[in-house]
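**Student:** Right, I'll just put the structure down here and ask away after.
The values are calculated or read from the model by the stated rules, or taken from the named source; none is laboratory data. The model shown is predicted, which means the values in this text are computed figures rather than measured ones. Cβ coordinates were reconstructed from backbone atoms using ideal geometry, including for glycine residues, and neighbour counts include every protein chain displayed.
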Amino acid sequence: MPTIRIQTEAFDSGAEMAAISRNRTDIGAVASFVGLARDMNHGDDVRAMVLEHYPGMTEKVLAGLVDEARSRWALLDVTLIHRVGRLLPGDAIVLVAVASTHRGEAFSACEFIMDYLKTQAPFWKKEETEHGARWVEARASDDTAAARWTGS
């Protein structure tokens, strides 16, 4: 059963990685991605980032992304954690961990979930900079990354 959480609290990526394979001997690979808040964007110092989401809908979208990954690859488990609220540079924002029998499926599924999360999940980011607050716009490169999975 996948673990999907949206939370304001920090998470321990090491503990989450250990938990996904604890007491499992069928897992041959765990691939993961941890996204961190940066201190610079578009040439400006970023003092903090505020992440907002659409409660209820966001959980549904994330569950759908995980279900889609599980339909494409033989996955044994998935952990997806995304933080919301005010984050400081260096804080972990998101963790995607995927367990599988073989590394190729784990790597592909982890990358797929991240690519689709960036373009499909209802999260909004506002950066606090020295010039005031600004909303972070969607990037064409994220759309391009997600588009490569179409028809896979």
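**Student:** Kindly check whether there is at least one residue in the stretch 99-121 that is among the basic types (Lys, Arg) and at pLDDT below 95.
**Tutor:** For the stretch 99-121, residues among the basic types (Lys, Arg) and at pLDDT below 95: present.
**Student:** Please verify whether Trp124 is in contact with an Asp or Glu (Cβ under 6 Å, 6 or more places away or on another chain) and outside any helix (DSSP H, G or I), treating the condition exactly as stated. Break it down into steps so the answer makes sense when it comes.
**Tutor:** Numbers: in contact with an Asp or Glu (Cβ under 6 Å, 6 or more places away or on another chain): yes; outside any helix (DSSP H, G or I): yes.
So Trp124 passes the test.
**Student:** Exactly one of (1) at pLDDT 95 or above; (2) within 20 Å of Val136 (Cβ to Cβ) is unmet by Gly64. Its number?
**Tutor:** (2)
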